[in-house]
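Notes follow the structure.
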Amino acid sequence: MKMSKGKKLLGFASLLALTVLLLVAVDSLPKRGLPDAPAHQVINAAGNPGAGAYFIRSAYEDAATPNMVTVVLGDYRSFDTLGEVVVVFAAAIACYLILRRREDEEK
Amino acid sequence: MTNPSQSLIIKMVSRTLAAFIQVFGLYVIIHGHYSPGGGFQGGALLAAGVLLIRMTEGREASQPTLATAIATPLASLGAVIFAGLGVVILFFGGNYMDYGAVPVPGMEPAMIRYYGILIVEVGIGLAVMTGLVSIFDDMVRTNRQSGPDLGKGGLS
């Protein structure tokens, strides 16, 4: 199947336009680590306490662990981490049930 | 792939490397409170150590490292350690996974959370390591009579 030259050019042009669009979007995001960024506010735009600021302020006090990523993954968001482990475990169980050869059908 | 490698160099290098990879995996799990790392990363490293031996020494010779028959039960155990800890906390009246609710005498809630995270990380490491080894053993098949009858038995 051969693509005509016009179609190829059109595809390339739209790809280029999409790339420019995405780069502009990335560039207009708040800079990484900027204290004024909306994600780092103690009280966010909706008037609720922001999660990120709370984690940074109280991770060490709550769990006596210097690595706050570990505290978020293992404590504040441990239910999410449980889901990740279940995904790996489900993959192992699925492979076991479908692919493993038992002794009686070894022949 | 699970037939032993013929090359002496590959065998010796992988035997030496596997030990260091696994020690580093343990370090990554246990030191996850202080440096980047944790159960997933350490479990993947431990699995890499086992699978390196699996690939170079062959499946039969590498069974003493981690037998295929116990890999899947150990993966279940790892998941049960994680989920079971949450259930234990429920019995002490706390929310699911709220480690601080368990009353341990002579220990402040922050330290209880510290050890709760450690138990969880060990459970994750166990589940990921044995889960990956189990998947590898299921998906890669030994061909004892390698040759034209490959896959004749099918999945049956």
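Simple spin-label estimate for A:ALA91 and B:TYR27 gives 2.6 nm between the two label positions (7 Å along the Cα-to-Cβ direction from each Cα).
Determine the calculated [θ] at 222 nm for the protein assembly as shown from helices alone, applying -39500 (n - 2.57) to every DSSP H run no shorter than 4 residues and normalising by the residue count; nearest 500 deg cm²/dmol.
Working: 8 runs with 159 residues, N = 263.
Only helices count here, giving -21000 deg cm²/dmol.
Listing B:THR65, B:THR72 from fewest to most neighbouring C-beta atoms within 10 Å gives B:THR65, B:THR72.
Could you work out the equivalent-ellipsoid semi-axes for chain A, taking the square root of 5 times each eigenvalue of the Cα gyration tensor, largest first, in whole Å? Numbers along the way, then the final one.
Details: eigenvalues 303, 283, 19 Å².
Semi-axes (√(5λ), whole Å): 39, 38, 10.
Pull out the extension gain between A:VAL42 and A:LEU18, defined as 0.36 nm times the separation in residues minus the alpha carbon to alpha carbon distance; nm, one decimal.
That pair, A:VAL42 and A:LEU18, stretches by 5.2 nm at full extension.
Taking the beta-carbon count within 10 Å as an exposure proxy, list A:TYR60, A:TYR76 from fewest neighbours to most. Numbers along the way, then the final one.
Values: A:TYR60 14, A:TYR76 19.
Sorted ascending by nearby Cβ count, the order is A:TYR60, A:TYR76.
Extension gain, B:ALA44-B:PHE91: 0.36 nm per intervening residue step, less the Cα-Cα distance, totals 13.7 nm. If you model the protein assembly as shown as an ellipsoid using its alpha carbon gyration tensor, with each semi-axis the square root of five times an eigenvalue, the axes come out at 40, 33, 18 Å, biggest first. Largest mean-square fluctuation among B:PHE82, B:PHE92, B:PHE136, in a Gaussian network model of chain B whose springs join Cα atoms under 10 Å apart, belongs to B:PHE92.
Is there a simple number for the mean count of other chain Cβ atoms within 10 Å of the Cβ of residues in B:108-117, and what is it? The partial results should precede the final answer.
On the way: counts 1, 4, 6, 3, 2, 7, 8, 2, 4, 10.
The shielding value for this peptide is 5.
Simple spin-label estimate for A:ALA51 and B:ILE10 gives 4.6 nm between the two label positions (7 Å along the Cα-to-Cβ direction from each Cα).
Taking the alpha-carbon centroid of each part, what is the distance from the stretch B:68-132 to the stretch A:1-49 in angstrom? When both Cα centres are located, 40 Å separates them.
Read-outs throughout are calculated quantities, based only on the coordinates presented, and are distinct from any laboratory measurement. Everything numeric in this text was worked out from a predicted model, so none of it was measured. Neighbour counts are summed over all protein chains in view; Cβ atoms, including those assigned to glycine, are modelled from backbone coordinates with ideal geometry.
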